[in-house]
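Structure first, then comments.
The values are calculated or read from the model by the stated rules, or taken from the named source; none is laboratory data. Everything numeric in this text was worked out from a predicted model, so none of it was measured. So basically every Cβ, Gly included, is an ideal-geometry build from the backbone, and we count neighbours across all protein chains shown.
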Amino acid sequence: MTYLSRLFVALSVVLAFGLSAPQVQAQVNPTQSSVNEDAMFQALGGDSAVVSGRVTIPDRGAGTLISPDNKSWAALQGRTLHTLSIWAVIGMIAILTLFYLIRGKIRIDSGMSGRTILRFNWVERFAHWTLASTFIILALTGLNLIIGKSVILPIFGEAAFGTLSAYGKIAHNYLAWPFMASLVMILLLWIVHNIPEKLDLDWIKQAGGLLKKGVHPPARKFNAGQKLIFWAVVIGGAGLSYTGIMMLFPAEAGTQADWQFYQVVHALIAAALSAIVIAHIYIGSVGMEGAFDAMGSGEVDENWAKEHHSLWVEEVKATQKRNTTQVTTPAE
Amino acid sequence: MLVKRRTREAASTGRLSQMASGMAAKPLDRRSFLRASGLTVGGLAALTTVGAGMTRRVEAAGFTDMSQPIEVKKNMCTHCSVGCSVIAEVQNGVWVGQEPAYGSPINRGTHCAKGASVRELVHGDRRIKYPMKKVGGEWQRISWDQALDEIAEKMGEIRANSGADSVYLLGSAKFSNEGAYLFRKFAAFWGTNNVDHQARICHSTTVAGVANTWGYGAQTNSYNDIRNAKTVIFMGSNAAEAHPVSLQHILEGKETQRANVIVLDPRFTRTAAHATEYVRFRPGTDIAVINGMLYHIFENGWEDTEYIAQRVYGMDQVREVVKDYTPDVVEDITGVDGETLKRVAEQFAKERPSTFIWCMGGTQHTVGTANVRAYNILLLATGNVGGEGNGANIFRGHCNVQGATDFGLDVGNLPCYYGLGAGAWRHWSRVWDVPYEYFVSRFDAVPAKGGRDARTPEQNMEIPGITSTRWFDAVTIDADEIDQQDNIKAMIVFGHGGNTVPRMQDAQRGMNALDLLVVADPHPTTFAALHSRTDNTYLLPICTQFECSGSRTASNRSIQWGEKIVDPIFESDNDYAVIHALSERLGFADEMFKNYEMVQGKFGMEPTPESILREINRGGWSTGYTGQSPERLKAHMANQEHFDLVTLRAKPDAPAEVQGDYYGLPWPCWGTPELRHPGTHILYNTNLHPMEGGGAFRPRFGLERDGETLLAEGSWPQGSEIQDGYPEFTYALLEELGWDGDLTEQERSVIEAIGGDNMGGVSWSIDLSGGIQRVALEHGCVPFGNGKARAIAWNLPDPIPVHREPIYSSRPDLVAAYPTNEDRRQQRMPNIGKSVQQDVVERNVASDFPIILTSGRLVEYEGGGEETRSNPWLAELKQDMFVEINPEDARARGIVDGGWVWVTGPEGGSRARVKALVTERVNRGLAFMPFHFAGWFQGEDQRGNYPAGTDPIVLGESVNVITTYGYDPVTGMHEGKVTLCQIAAA
Amino acid sequence: MARMKFLCDADRCIECQACVTACKNEHEVPWGINRRRVVTINDGLPGERSVSMACMHCTDAPCAAVCPVACFYTTDDGVVLHNKDTCIGCGYCSYACPFGAPQYPQTANFGTRGKMDKCTYCSGGPEPDMSQAEYVKYGANRLAEGKLPLCAEMCSTKALLAGDGDIIADIYRERVVTRGYGSGAWGWRTAYGDTVTV
């Protein structure tokens, strides 16, 4: 609060409580007009008010005497977010388990062709894996800060947990930077493939064919599901980055309430994104045959590609044809 | 005392305590803890440069090892005058802990920020660690011997060329009583009256005003006694910051008595925040405010007529004078409306007992003495002096400013207010056992110059010296203008800051022009840093009072014995030893120290404070400093808990050695220690027998004036055998009363030896046997007599106080009607205040400098502030010098809270770069600056001028760069509270 | 067991900062760390009051709720302490605390705050009582010696009260009745859910 607004509040308090009794003289009786805690809180707007004043030390924050609202954040962070984060992770794992049990691993309907085509070059894979690995560590260390004390502490004990958390905090604060860098990379590399189009609506209508065997709606290099993940990661990542930076540089964040807001947003995005990424990991690994190769070797089986990215395969083939006709094919 | 701390079964700290041993994370060690501060490490590094054996482990110095025995020592806080006891826990010679001194009736365990941090003083990271001198502009480490030899030699040269008066001996309110007395005695042996200390700039006008009214220049009651008051006025006192522990008594009194607490102050202070009425007035108009109150009192017949008739001289003339101070006139001068003053006056007069408290806000003015007189007259008119809960509660500033004043660190007095007359010199010659002629031989003869007559040494020794407010003028002024042989050539400064008097530009010129500058202090002070001297500048490391023993007198006149807590740290040494070592080299140590018990000190022989106090006891008759033997004082400290909180009297169940005594034997404590006088808690209290601490006003201005008696009429202390007023007791009076037979043979022979041919002329104050005092007291009489207080002090420039505008007045239109006092010569120097005031009006200074600037204290710092600004625990709390400015004034100037501003003053283009503190504490047109800062000078950072490692943590501009000319005509007190300035965003 | 609390009687507090330096003195608290501070509300106005504030040792301490590493614990005396060995300096407690109690040795950027430090109610930490290890990390343990926090013991006007909550509330109540005014037990409602009513 600025000095002036504080002054205004103070004056209004003085006016409200000092001069409420009509006085004949302009007598100044500081004892009688003394501020009262209850009255002051009421005048300032109840429990969400912040009582502050002047301190002589340079730490401006020290001027805040009582901010009861911090308790609300504490409850939100200590209980609500704690519960929410646990449920986001456990919930997604439960859904995927259920899905796996019902649908099983999604196979390539036409079987492996044995021919592969290049889906992601090494730059793309590098960006992806940097992003992925940092995200996983960030997610784990971040989650640890929220739910570690109820999940890890009982298992490992105080000492190990303390050490783990201390290193975890360092990892979280510093791995955020490669995370952000790779986030920018994937954005630049893939944004052109992720612009939504009409096609995506059909894909979504058919649920990407994930639910039914043999259904394969057409898709370009990125199908609507992947686009969703892409944008979730980009937007969520950006949100995490911004709020994270604010948390790392509290002076830039503004007031304590601002910082608390960033922290809550950070935790909420993190929980949501963690859930999404768990699903992504599932589908990219055990959930779907042939999917992992896209980010593994970068080469995917042609049949897999035809089933999941039919239009993209056509585009690739067309390009290859043009290339072979226009350019002298090098000797093999 | 050796004790072990009580230990409890280790508290269960739950599951973690069992796990604690296996913690994996690296614990935060002390070093990294310290490193975080940045500053402490610098201090540690500085320590390592000190010679081996002198250093002390500071790291984790606060840890108390419970398995080792702890020594408990008791001393008093060395900051303000409240006199808070400090309990120190010492282990292996290190002061490891400070505990609340619950036994002390004065502070009951408590402290303010300063008192709660005194342990740091003997960490002393920033203390002067060894003697130093400046050579070619660089500070060099030297030995004590070299330093003292060179200083003594240079003093000798100056004496030979310019005379003894050219050496100025500036002493300290931080001395113990014994140190102060020794320093004054040193000046006498050196042969000068140029000896002064902080009382000059703190309560010299109080002492002059109060002593001229009713006899003694001291607080009449005590902090504790304010608990009895029904109405309390603070005027020019911000006790909440300057004397925080006193507020314990005042606020508890306010609560239990539902007392009125009225704060009259230009600034809404932390004290005002707890008032029941706050009255803002224009700085420098105290007399108009008081006379305005008296107007209402007389108008409505609220005065105490019986009291006035019995105990006050000249109130009728006051009645006439204050008729001019009608509500309209007063409102025009002061800004306070008549109704408010009437209400305040009525409460003060009717809701009694009422007490009046003032401090520097009242005293540091060109009208300081007159202000004090006005306060006194208000007290007398309402019958509020000499009883429980009333009185002039003058809160003094430094821990021993009362004692140092008592012991004559004053240009106009020998110890105990004997003055400088031949009788005084002869009295102390007898006490010191040195021929009177010896002192005559030590003083200069003064040649005729500037149209003034020449003086013989004998005459010169009776002429008051130059006040500490003018020392720099005395260095640089034309030699004809100074009323002594030559200008000041040397400053010997023991424990005194250089930034606490106005006109620091001139002070800097003075420092530069000196032939010799010696600073003897725990810290270098501004005297070591302000100037551009290259040579002949010495720093002597003096220890604090925590590192030596001795007594100190609190504001309420209680004397407390401080016990050495630890040995002097580094190479520092105590005042006694250093004064002795210097005297040895100057050739008069044998004479001067012959009455003392000498013991081996740190670097040489030194006198014991006990033996010095015994000499004081043998000579301090006039002030009743005779009953307080070291044994009695020590017994009081050991039995503090037996004294009553309100009456300060030892309770009936107290041990015999203190039973019936008032705490600290507040002076006057008449007669010899064997007489067991209890001391005097409340001065001039006729409700008690003089042997129980009763008294009366002191008739010291003759027996009658203009045909009217100056002795009390129909009023006498309880138990008095003379049931009327009477003059001071002499042997002749005893004979007249037929009480001379009560003297013992031994007493009579002492009186005979003193009086010689004129035995009848030997008075209570020079009778070294104490017999006259004893006999008078036995007959229920006060040795000094029973007189009237003076509402008219005919010997002062304004016998009855009248309003006079400040020299730099914000109301030039009022100057013609209320001009300052005429130019005059005083204390060997000219005072041209009137000329300056006229010039200020003619040049219309008030239009260029439209803001009134006043100054004052902060709770964290004290005095010049070097000691407190060097203490990280305090320095952290106020890291920048600032100016308080009203939000409206700030807005008009584009100044924001916390922003840098230039404050400019009207003399010599003075300017100071400080931070703005935008606050409603000051009203529009008023600015306030604290006076504890130094080390920046008009925008220049002078940190490099301090010897390495001794620079205070916090530096800042001194307000006294801006403050201006103006001196009280009686005491030479500076004008520290009213000047004009302009403020602009930097 | 007693339930230790602080109560600052603002009608007595004169912002003398004794509590602040007593704390620095007792625990050798380094520069920049202020376990206790005095805040002046309505500075310079007739309603002005100063309040000395430190950790209030809350019931259901919010700092403990948010601490990721569960380094807080409440003693049998109701004092909220923490374990510096476990603390990772994340700063969450400083945002949870309604009183600004948690302090850090360093500036907060990059999360490099260092181990949190705060008022211990002069009762140390998890190390053995009155050991040097405890002193170095947390300061003196006066409670273990049967003493009370030095800030309150040294308070110039006896404004700052420390001790069993019921007892200090009674003292405060008595004062309010005696003098006829009271600006409230600042922070009690927030820290303990209930204020002192007279």
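Might you check whether a residue that is among the acidic types (Asp, Glu) and modelled with pLDDT of 90 or more occurs anywhere in the stretch A:193-207? No, there is no match, as no residue in the stretch A:193-207 is among the acidic types (Asp, Glu) and modelled with pLDDT of 90 or more.
Restrict the check to the stretch B:877-885 and report whether at least one residue is more than 20 Å from B:Glu860 (Cβ to Cβ), among the aromatic types (Phe, Trp, Tyr) and not in a loop (DSSP other than H, G, I, E, B). No, that holds for no residue.
Can you confirm whether A:Ile106 is within 14 Å of another protein chain (Cβ to nearest Cβ), in contact with a strand residue (DSSP E or B) (Cβ under 6 Å, 6 or more places away or on another chain) and either surrounded by 17 or more Cβ atoms within 10 Å (Cβ to Cβ) or of a type in the set (Ser, Thr, Tyr) (or both)? Taking the combined requirement at face value, the residue does not satisfy it.
So which residues in the stretch C:120-132 are more than 18 Å from B:Gly97 (Cβ to Cβ) and either of a type in the set (Gly, Ala, Ser) or touching a helix residue (DSSP H, G or I) at 6+ places or on another chain (Cβ under 6 Å) (or both), if there are any at all? Result: C:Gly125, C:Pro126, C:Glu127. Evaluation of B:Gly109 against the conditions (1) within 27 Å of the chain's Cα centre (by Cα); (2) closer than 21 Å to B:Leu540 by Cβ shows that the sole unmet condition is (2).
Could you tell me whether B:Ile885 is surrounded by 19 or more Cβ atoms within 10 Å (Cβ to Cβ), within 14 Å of another protein chain (Cβ to nearest Cβ) and closer than 15 Å to B:Gln982 by Cα? Even if it seems obvious, please write down each step before you answer.
Values: surrounded by 19 or more Cβ atoms within 10 Å (Cβ to Cβ): yes; within 14 Å of another protein chain (Cβ to nearest Cβ): yes; closer than 15 Å to B:Gln982 by Cα: yes.
Criteria met by B:Ile885.
Taken over the stretch B:262-296, the residue count meeting the criterion of being within 14 Å of another protein chain (Cβ to nearest Cβ), within 19 Å of B:Asn371 (Cβ to Cβ) and in a loop (DSSP other than H, G, I, E, B) is 7.
Could you pull out every one of the helices (runs of 4 or more DSSP H) wholly within the stretch A:1-105 that has 1 or more residues that are modelled with pLDDT of 85 or more?
Details: elements: A:3-13, A:37-44, A:69-75, A:81-103.
Correct list: A:37-44, A:69-75, A:81-103.
Condition test on A:Tyr100, is it surrounded by fewer than 17 Cβ atoms within 10 Å (Cβ to Cβ) and either among the acidic types (Asp, Glu) or closer than 17 Å to A:Phe292 by Cβ (or both)? Considered against the rule, which asks whether it is surrounded by fewer than 17 Cβ atoms within 10 Å (Cβ to Cβ) and either among the acidic types (Asp, Glu) or closer than 17 Å to A:Phe292 by Cβ (or both), A:Tyr100 comes out as yes.
Yes or no, residue by residue, for (1) buried (at least 18 other Cβ atoms within 10 Å of the Cβ); (2) farther than 30 Å from A:Ile146 by Cβ; (3) away from every other protein chain (no Cβ under 14 Å):
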| residue | (1), (2), (3) |
| --- | --- |
| A:Ala238 | no, no, yes |
| A:Glu252 | no, no, no |
| A:Gln260 | yes, no, no |
| A:Val264 | no, no, no |
| A:Ala272 | no, no, yes |
| A:Glu289 | no, yes, yes |
| A:Glu302 | yes, yes, yes |
| A:Val313 | yes, yes, yes |
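So, in the stretch B:550-588, how many residues would count as being in a loop (DSSP other than H, G, I, E, B) and in contact (Cβ under 8 Å) with a residue 12 or more places away in the chain? Of the residues in the stretch B:550-588, 17 are in a loop (DSSP other than H, G, I, E, B) and in contact (Cβ under 8 Å) with a residue 12 or more places away in the chain.
Quick check on the stretch C:25-43. Is at least one of its residues part of a helix (DSSP H, G or I) and within 7 Å of chain A (Cβ to nearest Cβ)?
Restricting attention to the stretch C:25-43, the residues satisfying the condition of being part of a helix (DSSP H, G or I) are C:25-27.
Restricting the remaining residues to those that are within 7 Å of chain A (Cβ to nearest Cβ) gives none.
Among the residues of the stretch C:25-43, not one is part of a helix (DSSP H, G or I) and within 7 Å of chain A (Cβ to nearest Cβ), which makes the answer no.
Tell me whether the stretch B:536-543 contains one or more residues that are under 13 Å from B:Met132 (Cα atoms) and either among the polar types (S, T, N, Q) or modelled with pLDDT under 95 (or both). Within the stretch B:536-543, one or more residues are under 13 Å from B:Met132 (Cα atoms) and either among the polar types (S, T, N, Q) or modelled with pLDDT under 95 (or both).
All conditions in (1) touching a helix residue (DSSP H, G or I) at 6+ places or on another chain (Cβ under 6 Å); (2) assigned to a loop (DSSP other than H, G, I, E, B); (3) crowded, with 21+ Cβ neighbours inside 10 Å hold for B:Ala912, with the sole exception of (2).
Inspection of the stretch B:120-142 finds no residue satisfying the criterion of being more than 25 Å from B:Ile953 (Cα to Cα), outside any loop (DSSP other than H, G, I, E, B) and without any contact (Cβ under 8 Å) to a residue 24 or more places away in the chain.
Of the helices (runs of 4 or more DSSP H) entirely within the stretch B:297-368, those holding at least 1 residues that are more than 30 Å from B:Gly725 (Cα to Cα) occupy B:327-334, B:338-350, B:360-363.
With respect to (1) within 31 Å of the chain's Cα centre (by Cα); (2) at negative phi, the lone exception for B:Gly770 is condition (2). Being surrounded by fewer than 24 Cβ atoms within 10 Å (Cβ to Cβ) and either farther than 26 Å from B:Glu721 by Cβ or not assigned by TED's automatic domain parsing to the domain that holds B:Val312 (or both) holds for only one residue in B:Gln640, B:Gln628, and it is B:Gln640.
Considering only residues that are of a type in the set (Ser, Thr, Tyr) and either over 13 Å from B:Asp165 (Cα atoms) or part of a helix (DSSP H, G or I) (or both), which ones fall in the stretch B:466-521? Show your work before the answer.
Residues of the stretch B:466-521 that are of a type in the set (Ser, Thr, Tyr), as a first pass: B:467-469, B:476, B:500.
Within the stretch B:466-521, B:Ser468, B:Thr469, B:Thr476, B:Thr500 qualify.
Which residue, of C:Ala2, C:Ala22, C:Ala64, is out of contact with any Leu (no Cβ under 8 Å at 6 or more places or on another chain) and in a helix (DSSP H, G or I)?
Going through C:Ala2, C:Ala22, C:Ala64 in turn, just one is out of contact with any Leu (no Cβ under 8 Å at 6 or more places or on another chain) and in a helix (DSSP H, G or I): C:Ala64.
Can you tell me which residue within the stretch C:91-129, out of those that are within 8 Å of chain B (Cβ to nearest Cβ) and crowded, with 23+ Cβ neighbours inside 10 Å, is farthest from the chain's Cα centre (by Cα)? Restricting to residues being within 8 Å of chain B (Cβ to nearest Cβ) and crowded, with 23+ Cβ neighbours inside 10 Å, the top hit is C:Glu127.
Across the stretch B:79-121, the number of residues qualifying as crowded, with 24+ Cβ neighbours inside 10 Å, of a type in the set (Val, Ile, Thr) and more than 9 Å from every other protein chain (Cβ to nearest Cβ) comes to 3. If the condition is being crowded, with 24+ Cβ neighbours inside 10 Å, over 11 Å from C:Tyr92 (Cα atoms) and in contact with a helix residue (DSSP H, G or I) (Cβ under 7 Å, 6 or more places away or on another chain), then the stretch C:58-78 contributes only C:Cys58.
For B:Arg108, state whether it is on the phi < 0 side of the Ramachandran plot and of a type in the set (Lys, Arg).
Details: on the phi < 0 side of the Ramachandran plot: no; of a type in the set (Lys, Arg): yes.
It is false that B:Arg108 is on the phi < 0 side of the Ramachandran plot and of a type in the set (Lys, Arg).
Restricted to the stretch B:669-693, and to residues there that are without any contact (Cβ under 8 Å) to a residue 60 or more places away in the chain and in contact with a helix residue (DSSP H, G or I) (Cβ under 7 Å, 6 or more places away or on another chain), the residue that is surrounded by the fewest Cβ atoms within 10 Å (Cβ to Cβ) is B:Pro673. B:Ala259 falls short on exactly one of the conditions (1) facing another protein chain (nearest Cβ under 7 Å); (2) over 21 Å from B:Gly397 (Cα atoms), and that condition is (1). Scanning the stretch B:694-714 for residues that are surrounded by fewer than 21 Cβ atoms within 10 Å (Cβ to Cβ), outside any strand (DSSP E or B) and at negative phi returns B:Arg700, B:Phe701, B:Leu703, B:Glu713.
When the stretch A:115-158 is limited to residues that are assigned to a helix (DSSP H, G or I) and among the charged types (D, E, K, R), the one that is surrounded by the most Cβ atoms within 10 Å (Cβ to Cβ) turns out to be A:Glu158.
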